[in-house]
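Take a look at the structure set out below.
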Amino acid sequence: MSKVKLALIGAGLRGINYTNVAISNPDEVEVVAVADPWEERRLNFQEAHQLKDEMCFTDWREMLSQPKLADAVLVCTQDNMHFEPTMKALEAGYHVLLEKPMSPDPVECIKMGEKAKELGLVFSICHVLRYTRFFGTIKHMIEEGKIGRLMSIQHNENVGYWHQAHSFVRGNWRNSKESSPMILAKSCHDMDIMLWLAGASCKRISSFGSLSHFRAENAPKGAPKRCLDGCPAADTCIYYAPKTYLIDEPNWMQLAISNDLSYEARQKAIEEGPYGRCVYHCDNDVVDHQVVNMEFDNEVTAVFTMSAFTQECSRTIKLMGTAGEIRGAMEKNEIEWIRFGQESSECIHLDTPGGHAGHGGGDEGLVWDFIKLVRANGSEKGLTSADISVQSHLMSFAAEHSRLTGEVVSLSSFAEQFAAQANA
Ligand SMILES: NC(=O)c1ccc[n+]([C@@H]2O[C@H](COP(=O)([O-])OP(=O)(O)OC[C@H]3O[C@@H](n4cnc5c(N)ncnc54)[C@H](O)[C@@H]3O)[C@@H](O)[C@H]2O)c1
């Protein structure tokens, strides 16, 4: 089996996560180059993958101006830095794995999809949920007709109050102008999974939601701008920064605030950095709760709820068909199959890790699928494609449009206007 060579743009949390497969499977995958301006991250990555100095770059432009270095490029920079490196990498003949969301601009999403198609290159978007055993099993059950004809989907994204505070109030995805709106940044996964499970294109969409809690008027009395500046609510506030970032067992949130996980470095990070800010005094504007209603071409209807106000960070789903129901809880790795007219239901326990890290096995599944497609040089089909990812991204854009304008959006005319702009 030929070894697949990868180059990484953006050695952040996601980029490191995907490329770990090369460390554990050196005979099958090799990372040959990295680009990241953050010296500490670049050097750590260089050491982990034993890269030559001349294969480490401070910017993606420098990397992509070299003669072709690898079979594929992984673009793992922040949301608004996806379009340019992806277009350049495709033009240079690389297969591309791109982080979601593809771009905060619908026209750019369409342009990237069309470019990959025109050049016949593999272009996969990191819609990791499709690769989980949890959603894979549900999809299979629908296709096998276990609940008859699918009619309705009720899907919840339970963000978790602590995850909302970290990523969407204090962190990188707090402000839609700097990254993208919540429905794109976080919930484009959910739009994609509903498109997949419904098994037809989305026809109409409407949405409501707002940022209601993480606002200044809800701050505890006398709360300063930063937690460590003598907050009077330190004992009672669940968002008091040391309770998340100075605990003994380091987790992915602590890694996001400091590469150095020593207590002193983390203390400094919350004294000076964005993660030490009071959650009620940040520059966040993304919603903390939102609903989306959808109607698909095959008459399936779906309702999606995203909420910050949950204990768990996971997804729960209920699918209703003419002959039964499927109920699933991703965190618990549990799927219940109910058949109408039968007294007892069947419970399926999946033997895969749940939770935030690795998206219940989805991250690894996605990388291996991409490697398989690259090895086949684009002649095979994966679980998803750029065309489909563009469709599900357009559902997110349409939902946001509806939330802001109050309109019910018809997907076909909504998509046409952006396609016309992309091809102008
Ligand atoms: N698929 C998923 O489930 C999932 C989950 C979380 C985040 N994401 C997405 O993954 C992407 C990356 O997220 P992250 O948490 O790893 O972010 P991150 O900020 O940790 O990493 C991004 C890296 O890009 C680097 N970078 C900046 N400018 C660069 C340049 N010119 N050239 C090369 N590198 C450059 C930064 O220095 C940083 O190290 C985001 O788009 C995010 O929305 C996807």
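The values are calculated or read from the model by the stated rules, or taken from the named source; none is laboratory data. Treat the numbers as computed from the prediction; the structure is a model and nothing was measured. Glycine gets a Cβ as well: all are built from the backbone with ideal geometry, and neighbour counts include every protein chain shown.
Can you tell me which residue among Gly209, Gly160 is out of contact with any Asp or Glu (no Cβ under 8 Å at 6 or more places or on another chain) and among the small types (Gly, Ala, Ser)?
Result of the check over Gly209, Gly160: Gly209.
Specify the residue that is nearest to the ligand (Cβ to nearest atom); the eligible residues are those in segment 42-71 that are under 25 Å from the mean Cα position of the chain (by Cα) and among the acidic types (Asp, Glu).
Among residues in segment 42-71 that are under 25 Å from the mean Cα position of the chain (by Cα) and among the acidic types (Asp, Glu), the one nearest to the ligand (Cβ to nearest atom) is Asp59.
Would segment 175-198 turn up any residue that is at pLDDT below 95, over 30 Å from Gly406 (Cα atoms), in contact with a helix residue (DSSP H, G or I) (Cβ under 9 Å, 6 or more places away or on another chain) and among the hydroxyl-bearing types (Ser, Thr, Tyr)?
Looking through segment 175-198, none of the residues is at pLDDT below 95, over 30 Å from Gly406 (Cα atoms), in contact with a helix residue (DSSP H, G or I) (Cβ under 9 Å, 6 or more places away or on another chain) and among the hydroxyl-bearing types (Ser, Thr, Tyr).
Could you list all residues from segment 1-17 that are outside any helix (DSSP H, G or I), of a type in the set (A, V, I, L, M) and touching a Leu at 6+ places or on another chain (Cβ under 9 Å)? Break it down into steps so the answer makes sense when it comes.
Just the residues of segment 1-17 that are outside any helix (DSSP H, G or I), to begin with: 1-12.
Retained after the next criterion (residues that are of a type in the set (A, V, I, L, M)): 1, 4, 6-9, 11.
Leu6, Ala7, Leu8, Ile9, listed by residue number.
Which pairs turn up if I take residues in segment 265-282 that are more than 20 Å from Asp248 (Cβ to Cβ) and look for partners that are part of a loop (DSSP other than H, G, I, E, B) and aromatic (Phe, Trp, Tyr) with beta carbon separation below 8 Å, at least 6 apart in sequence or on another chain?
Hits for this filter: Cys278/Tyr239; Val279/Phe214; Val279/Tyr239; Tyr280/Phe214; Cys282/Phe214.
Going by what's in this entry, would Val128 be described as in contact (Cβ under 8 Å) with a residue 24 or more places away in the chain, near the ligand (Cβ under 9 Å from one of its atoms) and closer than 21 Å to Val374 by Cα? Lay out the reasoning, then the answer.
Working: in contact (Cβ under 8 Å) with a residue 24 or more places away in the chain: yes; near the ligand (Cβ under 9 Å from one of its atoms): yes; closer than 21 Å to Val374 by Cα: yes.
Spelling it out, Val128 is indeed in contact (Cβ under 8 Å) with a residue 24 or more places away in the chain, near the ligand (Cβ under 9 Å from one of its atoms) and closer than 21 Å to Val374 by Cα.
Which of the residues spanning segment 162-172 are at pLDDT 95 or above and in a loop (DSSP other than H, G, I, E, B)?
The one that is at pLDDT 95 or above and in a loop (DSSP other than H, G, I, E, B): Gly171.
On the given criteria, is Pro101 within 18 Å of the chain's Cα centre (by Cα), buried (at least 24 other Cβ atoms within 10 Å of the Cβ), within 11 Å of the ligand (Cβ to nearest atom) and in contact (Cβ under 8 Å) with a residue 12 or more places away in the chain?
yes
Looking at Val159, Val96, Val122, Val169, which one is touching a Gly at 6+ places or on another chain (Cβ under 8 Å) and surrounded by 23 or more Cβ atoms within 10 Å (Cβ to Cβ)?
Answer to the check: Val122.
Would you tally the residues in segment 221-244 being touching a residue at least 40 places away in the same chain (Cβ under 8 Å) and either surrounded by fewer than 14 Cβ atoms within 10 Å (Cβ to Cβ) or in a loop (DSSP other than H, G, I, E, B) (or both)?
Here the count works out to 8.
Scan segment 307-329 residue by residue and report those that are surrounded by fewer than 23 Cβ atoms within 10 Å (Cβ to Cβ), among the hydrophobic types (A, V, I, L, M, F, W, C) and over 17 Å from His140 (Cα atoms).
Listed by number, the residues that qualify are Phe309, Cys313.
Could you say which residue among Val374, Val367 is more than 30 Å from Met253 (Cβ to Cβ), surrounded by 20 or more Cβ atoms within 10 Å (Cβ to Cβ) and among the aliphatic types (A, V, I, L, M)?
It is Val374.
On the given criteria, is Phe214 aromatic (Phe, Trp, Tyr), modelled with pLDDT of 95 or more, away from the ligand (no atom under 16 Å from the Cβ) and part of a loop (DSSP other than H, G, I, E, B)?
So Phe214 passes the test.
Is there a residue in segment 146-160 that is in a helix (DSSP H, G or I) and either out of contact with any Phe, Trp or Tyr (no Cβ under 6 Å at 6 or more places or on another chain) or among the β-branched types (Val, Ile, Thr) (or both)? Explain how you work it out, then say what you get.
Step one: of segment 146-160, the residues in a helix (DSSP H, G or I) are none.
For segment 146-160, residues in a helix (DSSP H, G or I) and either out of contact with any Phe, Trp or Tyr (no Cβ under 6 Å at 6 or more places or on another chain) or among the β-branched types (Val, Ile, Thr) (or both): absent.
Tell me, which residue of segment 29-41 that is more than 8 Å from the ligand (Cβ to nearest atom) and in a helix (DSSP H, G or I) is surrounded by the fewest Cβ atoms within 10 Å (Cβ to Cβ)?
Glu39
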